[in-house]
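A short worksheet on the structure shown next.
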Amino acid sequence: MTARLRGAVVLDVAAAQLPAARDALARAVATGALGPGYSAALDGEAVVFAGGARGDRPSGGRFELFSDGRASYSLAVGWTEFARVAQAVGVAAALSVSSVIWWSWMFHRALPFGAAGGLAWAAARIALDRRRMRRDARALLRSLPLLLK
């Protein structure tokens with residue numbers, strides 16, 4: 001999956017501290033700062049991490065630290081969003097079937113009702129997942145000065 005969540009943060013880290021900051025960031029990701037099971041490695045001026053597909057976490061990503069005090073991140077969220085769409089299909093089917101059983105609706109009313117419910121559920125969950133992942137990535141990058149001490 002190729003869906004990416006990108007963002008940037010301004011850091012309070014000096015250019016002389018960047019190698020130590022990259023090491024600290026890789027160590028923090030590997031020890032569970034974004035969740036369990038990630039392996040992190042330095043790739044030039046970036047920290048690259050991977051941990052396989054998860055239900056509600058990014059499957060991998062990249063943090064880049066720049067000498068002018070910027071940091072950017074790119075998180076792979078394709079599998080997470082695919083899982084939410086698959087769950088939305090289940091929600092839509094459950095809503096359609098339950099509306100037929102409980103309210104005796106005909107299929108021409110039950111199917112759109114289920115589709116709208118599944119679509120709303122998927123959109124809300126994907127938006128909340130992205131907000132949480134963005135918040136976690138920014139919090140990790142903003143805590144970098146504390147990791148250097």
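Go through region 132-146 residue by residue and turn each phi into a ³J(HN,Hα) via Karplus (6.51, -1.76, 1.60, θ = phi - 60°); whole Hz please, and just put x for glycine and proline.
For region 132-146, the Karplus-derived couplings read 5, 5, 5, 5, 5, 5, 5, 5, 5, 5, 6, 8, 4, x, 6 Hz, x marking Gly and Pro.
Explain nothing, just the number: dipole magnitude of region 4-79 about its Cα centre with +1 on each Lys and Arg Cβ and -1 on each Asp and Glu Cβ, in debye rounded to the nearest 20.
On the way: 8 positive and 7 negative charges, 55 e Å.
Dipole about the Cα centre, nearest 20: 260 debye.
Output ³J(HN,Hα) for region 7-13: one whole-Hz value per residue in order, computed from phi by the Karplus curve 6.51 cos²θ - 1.76 cosθ + 1.60 with θ = phi - 60°, and x for Gly and Pro.
Once θ is set to phi - 60°, the couplings for region 7-13 become x, 8, 9, 8, 9, 10, 10 Hz.
Hey, how many Å between the Cα centroid of region 1-26 and the Cα centroid of region 95-120?
46 Å
Got the relative contact order for the chain handy, in percent, Cα pairs under 8 Å and 6 or more residues apart?
Working: 239 pairs, mean separation 41.5, N = 149.
Relative contact order of the chain: 28 percent.
What residues qualify as long-range amide H neighbours of residue 105, i.e. H under 5 Å apart, gap of 5 or more or another chain, H built at 1.01 Å from N?
For residue 105, whose amide H was placed from the backbone, the distant partners under 5 Å are 100.
For the chain, with a Gaussian network of springs between Cα atoms less than 10 Å apart, report the residue from 54, 84, 62 with the top mean-square fluctuation.
With Cα springs under 10 Å in the chain, the top fluctuation among 54, 84, 62 is at 54.
Using θ = phi - 60° and the Karplus relation 6.51 cos²θ - 1.76 cosθ + 1.60, list the HN-Hα couplings for region 102-117 in order, rounded to whole Hz, with x at every Gly or Pro.
7, 10, 6, 6, 7, 4, 5, 9, 6, 5, x, 4, x, 5, 5, x
Every number in this text was worked out from the coordinates using simple rules, so none of it is lab data. No experiment lies behind these values; they were computed from the predicted model shown. Note: ideal-geometry Cβ built from the backbone for every residue, glycine included; neighbour counts use all protein chains shown.
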